[in-house]
Amino acid sequence: MDPETPQTATVSSKFNFTDADVTFKSSDGVLFHVHRKNLEVCSEGFPPAGFPTLGEVVDLPETSVTLDLLFQFVYPQRHPALDTTPFEVLAPLAEASEKYQVFPAMNICHIRMRDMVHEHPVEVAVYATKHDYPFLVSEVAPMVISMDSVKVIEMLPQNLILPWVRYVQHWHVLQQAALILPAGFSVNPHNNNAPVSAFGAYPGGFHSSCSWTHYIVTILQRLGAGVRALRSLDTVFDMNTPDVDDCCQRAMAVWRRQIEDGIKTIPKFSTFL
């Protein structure tokens, strides 16, 4: 609380109601004169209408940009659509709407944060986990697999690190399994009955199908890049040539399908929380 506000303090141009009965001050020194009744109806995180403030100014840690958007959701007017709001503005607004339980803002922020999963997967995952949006958590977690693991750990809060490590371990197990050709495969797709190791060798030696041998080596090299390869199977199995034999295409399709089936068995990240 700040009972002595300088007369020269900046006042929000949108929230300067003369009959306002509560005043908030942003972290960058802007005053917002709003009505407690509106806050009481639209939120649960602000003082109720019967709560005396004795003319004091309530300091909030949010910036004026965040509060300017947030308070628009507590009045009977067309609310901001946020469809062009940059993530640097959207993220703190979404956090504030959850913190103060401003219900009209929470849903639209959740929708817009979901729209940002491809550009900011880790930040969205942290937001969804913190505020209990399990569907969004499960949707975004596989995308984060493609990122640098050290960077991800550095961005996660302490309580999410262990669940994340356990989740990623399932992807590592699958990645190692993906390096083994499907049962019965040979280095020659015309002879898929000979036993085969992870590198396509079998007791009879290599067959003469040089293209298939090249495909196997190429795919194994790509899969060997780590778990992130499992998130880009189109690239892993792209031979960048239009003249792949039908038998080779069928063999690669079986291999890929085996990996995709394995991905479906990985538990959702939300189950580790």
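Every read-out reported here was derived from the displayed coordinates using simple, explicitly stated rules and does not represent laboratory data. Bear in mind the structure is a predicted one, so any value in this text is a computation, not a measurement. Neighbour counts run over all protein chains shown; Cβ positions are idealised from the backbone, glycine included.
Going down the table (Lys99/Lys151; Lys130/Lys151; Lys37/Lys130; Lys14/Lys99; Lys151/Lys268), which pairs top 25 Å between alpha carbons?
Details: Lys99/Lys151 27 Å; Lys130/Lys151 19 Å; Lys37/Lys130 28 Å; Lys14/Lys99 22 Å; Lys151/Lys268 21 Å.
Long pairs (Cα-Cα over 25 Å): Lys99/Lys151; Lys37/Lys130.
Which value in nm describes the separation of the simple spin-label points at Gln176 and Gln258, placed 7 Å from the Cα toward the beta carbon?
1.7
7 Å from Cα along Cα→Cβ at both Ser146 and Cys247: what's the point-to-point distance in nm?
Here the answer is 3.5 nm between the modelled labels.
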